[in-house]
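Inspection log for the structure reproduced underneath, given as structure tokens.
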Amino acid sequence: MQLTVWTYEGPPHVGAMRVATGMKGLHYVLHAPQGDTYADLLFTMIERRKERPPVTYTTFQARDLGADTAEIFKTACKEAVERFDPQAIIVGASCTAELIQDDPGGLAKTLDLNVPVIPLELPSYQKKENWGAAETFFQLVRGLAGGRTPEPKPEGAPKSCNILGPTALGFRHRDDVTEITRLLGALGVAVNVVAPMGATPHDLTRLPNADFNVVLYPEIAGTAAQWLKRTYRQPVVETVPMGVNATREFVREVAALTDTDPEPVIAEADERFSWYSRSIDSNYLTGKRVFIFGDATHAIAAARVAEHELGFKVCGLGTYSREFARDVRAAAQQYGVEALITDDHLEVEDAIVAAQPELVLGTQMERHIAKRLRIGCAVISAPVHVQDFPARYSPFMGFEGANVMFDSFVHPLVMGLEEHLLGMFREDFEFNDGAQASHLAALHAGANHETIEIPEARTAPDDKTQDLVANEGMAASFGSLSWTSDAEQELRKIPFFVRGKARRNTELFATEKGVNPITIETLYDAKAHFGR
């Protein structure tokens with residue numbers, strides 16, 4: 001067992017909460033002890049939802065374990081149906097309640113409730129949040145849409161589709177749905193049902209009426225879409241429309257299913273990504289090293305956009321979505337890197353340090369890692385914090401989503417004019433990067449313009465580097481290296497946004513060569529070595 005401060009995914013019942021909270025008319029009765037009742041925190045504080053999540057907890061306590069906890073669950077079920085009058089309920093246990101084996105599904109069926117009851121078997125100690133969301137949605141679709149006969153279509157009715165996958169607490173799901181709905185409308189396609197987000201249990205009974213399904217987030221809707229394909233012969237549009245090229249492919253795939261011409265929609269797209277990426281100063285974008293980590297769908301899409309649409313160099317690609325490890329490994333091979341499949345943020349941090357990127361695209365965790373390492377970063381995937389649920393319209397899919405991706409990927413980098421100005425004012429008493437912010441008046445020492453020294457981002461070597469030092473008998477280690485004052489002064493002339501990387505490279509070079517202390521000559525020898 002490993003104790004961690006951060007986690008990329010919660011237990012599977014959190015995935016079930018995301019489905020229930022995104023839907024309407026559905027209630028989740030969760031057998032859980034006091035302490036597992038944190039749904040309000042997740043959805044009202046982080047996502048800033050106006051309504052409480054539709055979750056009722058049994059909230060049994062330690063003293064209840066000697067009594068009948070099953071009776072507590074049955075009482076909670078009956079009271080939830082009476083109070084909230086849902087169209088359907090889902091029932092399950094949290095990770096802690098799973099240990100007492102009360103069988104919430106079986107207990108709920110004995111109550112003869114007047115609404116459909118969907119039992120959830122979510123093994124908390126083998127699976128995680130995204131799997132829990134996918135399994136919950138699949139059980140809802142199978143339980144509510146199974147056995148339904150598609151309704152006959154009126155003559156001349158447009159083709160229709162279901163949009164599957166968006167949930168509560170999803171990264172930009174709200175705006176992605178709006179963008180893709182507009183795109184489908186431009187192709188003459190009507191949207192039958194959007195689910196889970198915004199749908200009711202009754203809406204799920206209408207899923208078979210659609211001609212095909214659009215899966216925006218395979219981690220959530222892939223299983224349900226495949227069941228609908230097998231059961232109702234509904235084709236699945238699996239192209240995820242993130243980036244200009246993928247969105248064009250998505251349009252053409254939908255057009256092929258509906259026998260329409262995709263080119264007018266593509267030609268009229270209001271996307272600025274293509275022109276901006278061509279017109280920007282390529283000297284400061286082309287070849288920039290980027291490390292990407294997130295859920296599989298967003299990581300694979302971001303890597304494609306970064307390498308093929310912006311000219312970056314993918315130097316690292318990984319995911320915490322173990323169920324999609326094969327897809328990420330296949331994508332990583334295209335960029336000549338080894339995929340990182342892990343849910344340990346410390347392992348991700350070590351990989352970022354080793355790759356020495358100039359940009360990180362990741363989750364909330366990678367934002368913190370990049371900040372410590374003084375590397376530019378953009379968040380592209382859940383898990384995210386409150387700032388990544390913006391009030392403004394900010395999709396990541398479709399042509400407008402491509403515009404948002406351009407801004408997100410490019411703006412963290414220092415552009416040509418900025419670098420020119422940084423060089424011009426490097427020695428200026430007020431504007432050099434060692435000076436404190438000018439608005440912090442209390443820190444100014446009158447007119448003598450004293451500055452506060454900003455410490456460099458220092459990073460210890462990873463285990464592989466330490467093994468290399470030990471095995472090859474190198475004379476110095478990162479911790480014992482020293483710098484001459486002239487070398488430190490020369491290092492300060494390097495722009496701050498790459499200075500940490502220059503320091504790490506120089507110390508690695510000095511360790512390999514057995515040089516200590518580091519002099520100006522060592523600094524420039526290291527620069528020549530890594531520049532080859």
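The values are calculated or read from the model by the stated rules, or taken from the named source; none is laboratory data. Source: prediction; values computed, not measured. Cβ sites come from the backbone with ideal geometry, for glycine too, and all protein chains shown count toward neighbours. Surface areas here come from the heavy atoms of the whole protein model, side chains and all, with no ligands, DNA or RNA. Shrake-Rupley method; radii C 1.70, N 1.55, O 1.52, S 1.80 Å.
Some points to look at:
- Candidate set from region 364-384 (those that are among the hydrophobic types (A, V, I, L, M, F, W, C) and closer than 16 Å to R504 by Cβ); member that is surrounded by the fewest Cβ atoms within 10 Å (Cβ to Cβ): L373
- Inter-residue pairs, beta-carbon under 7 Å, first closer than 15 Å to A134 by Cα and in region 189-217, second part of a loop (DSSP other than H, G, I, E, B) and among the β-branched types (V, I, T), 6+ apart: P196/T167; M197/T167; L216/V240
- In region 299-333, the residues that are farther than 19 Å from F406 by Cα, in a helix (DSSP H, G or I) and touching a residue at least 12 places away in the same chain (Cβ under 8 Å): R322, E323, F324, A325, D327, V328, R329, A331, A332
- Checked against (1) among the β-branched types (V, I, T); (2) surrounded by 13 or more Cβ atoms within 10 Å (Cβ to Cβ); (3) over 30 Å from A255 (Cα atoms), T110 passes all but a single condition, namely (2).
- Residues in region 22-47 that are part of a loop (DSSP other than H, G, I, E, B) and touching a Phe, Trp or Tyr at 6+ places or on another chain (Cβ under 6 Å) were compared, and the one that is modelled with the highest pLDDT is E47.
- Number of positions in region 334-356 that are open to solvent by 10 Å² or more (accessible area, probe 1.4 Å) and in a helix (DSSP H, G or I): 10
- Test for L361: is it open to solvent by less than 10 Å² (accessible area, probe 1.4 Å) and modelled with pLDDT of 95 or more: yes
- Search result, residues across region 290-304 that are open to solvent by 10 Å² or more (accessible area, probe 1.4 Å) and over 15 Å from Y217 (Cα atoms): R304
- Out of E307, E323, sole residue that is of a type outside the set (K, R), open to solvent by 30 Å² or more (accessible area, probe 1.4 Å) and more than 17 Å from A378 (Cα to Cα): E323
- Cβ pairs under 8 Å, 6+ apart, first in region 18-31 and at positive phi and of a type outside the set (V, I, T), second part of a strand (DSSP E or B) and at pLDDT 95 or above: G25/A88
- Here the strands (runs of 3 or more DSSP E) wholly within region 116-198 that include at least 2 residues being open to solvent by 30 Å² or more (accessible area, probe 1.4 Å) are 117-119, 190-195.
- Subset of region 285-340 [of a type in the set (S, T, N, Q) and in contact with a strand residue (DSSP E or B) (Cβ under 7 Å, 6 or more places away or on another chain)]: T319
- Of all residues in region 224-238, at least one satisfies being modelled with pLDDT under 95 and either assigned to a helix (DSSP H, G or I) or open to solvent by 30 Å² or more (accessible area, probe 1.4 Å) (or both).
- Enumeration of residues in region 240-289 that are open to solvent by 60 Å² or more (accessible area, probe 1.4 Å), in contact with a helix residue (DSSP H, G or I) (Cβ under 8 Å, 6 or more places away or on another chain), more than 15 Å from G188 (Cα to Cα) and at pLDDT 95 or above: R248
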